[in-house]
Amino acid sequence: MYREGGKFFEVLFGAAFLAAATFLVGFFLFKVVPGLIQNPPTGRGWIGVPLAILVILGPAAMFGTFGVLTVFGRNGTILDKATGTVTLWSTLLWRKSEETHSLAEYSNVQVARTGGSFRSGPSYSVSLGGESSALCVGTVNASRRRAERLATEVAEFLGVPALGITD
């Protein structure tokens with residue numbers, strides 16, 4: 001059985017966004033709201049209240065959503081030669097979804113460049129290839145060597161050929 005999934009540094013990165021969201025919500029609840037209660041605006045001063053809510057809670061909602069998805073979301077791949085299946089799984093907190101495919105449908109392992117940008121560098125997709133379809137079993141960011149190593153490792157485990165990188 002071959003398993004891949006659960007990335008520590010992604011969780012650490014998401015925790016920073018979750019902390020920023022927590023700080024913004026705390027700032028709003030413990031600084032802005034008490035200030036509005038102690039010194040309520042009069043006349044046209046109320047125009048700034050929705051703007052303050054939007055400026056503080058808008059980014060907090062975006063950071064919080066990204067942080068929760070990154071910290072608590074997981075996905076992975078299980079290659080099981082004994083049962084002849086590939087299982088792609090993902091979870092967010094406690095809900096788990098799985099997708100199972102037969103290994104007999106796939107005859108090689110492929111690496112394809114899937115995009116990227118000037119800043120982040122390219123990303124590579126490692127897929128099981130067959131006559132009619134391909135199934136992505138992993139994605140590697142910015143490292144062609146790591147993508148090729150993952151493809152070789154999966155190919156050796158399954159006993160199928162590994163194809164070169166396609167653009």
**Request:** Please indicate, with yes or no, whether at least one residue in segment 67-74 is at pLDDT 90 or above, outside the structural domain of Val140 (by TED's automatic domain parsing) and over 30 Å from Val137 (Cβ atoms).
**Result:** no
**Message:** Looking only at residues that are under 15 Å from the mean Cα position of the chain (by Cα) and surrounded by 15 or more Cβ atoms within 10 Å (Cβ to Cβ) in segment 14-35, which one is modelled with the lowest pLDDT?
**Reply:** Gly14
**Request:** Answer yes or no as to whether Ala52 is more than 19 Å from Leu12 (Cβ to Cβ), in a loop (DSSP other than H, G, I, E, B), over 27 Å from the mean Cα position of the chain (by Cα) and of a type outside the set (Asp, Glu).
**Result:** no
**Asked** Out of all the residues in segment 92-105, is one or more surrounded by 13 or more Cβ atoms within 10 Å (Cβ to Cβ) and among the hydroxyl-bearing types (Ser, Thr, Tyr)?
**Response** no
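Each row is one residue, and each column tells you yes or no for (1) among the polar types (S, T, N, Q); (2) outside any strand (DSSP E or B); (3) assigned by TED's automatic domain parsing to the domain that holds Ala15.
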{"position": "Ser90", "(1), (2), (3)": "yes, no, no"}
{"position": "Thr100", "(1), (2), (3)": "yes, no, no"}
{"position": "Val126", "(1), (2), (3)": "no, no, no"}
{"position": "Gly129", "(1), (2), (3)": "no, no, no"}
{"position": "Ser132", "(1), (2), (3)": "yes, yes, no"}
{"position": "Val137", "(1), (2), (3)": "no, no, no"}
{"position": "Val140", "(1), (2), (3)": "no, no, no"}
{"position": "Arg145", "(1), (2), (3)": "no, yes, no"}
{"position": "Glu156", "(1), (2), (3)": "no, yes, no"}
**Message:** As an exercise: evaluate Glu153 against (1) touching a strand residue (DSSP E or B) at 6+ places or on another chain (Cβ under 6 Å); (2) of a type outside the set (Gly, Ala, Ser); (3) under 19 Å from Asn75 (Cβ atoms) and give the number of the one condition it does not meet.
**Reply:** (1)
**Fill in**
Looking across segment 61-91 at residues that are among the charged types (D, E, K, R) and surrounded by 14 or more Cβ atoms within 10 Å (Cβ to Cβ), the single one that is nearest to Leu18 (Cα to Cα) is Arg74
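The values are calculated or read from the model by the stated rules, or taken from the named source; none is laboratory data. Predicted model, so just to flag it, every value in this text is computed and none were measured. Note that we place each Cβ from the backbone using ideal geometry, even for glycine, and neighbour counts take in every protein chain shown.
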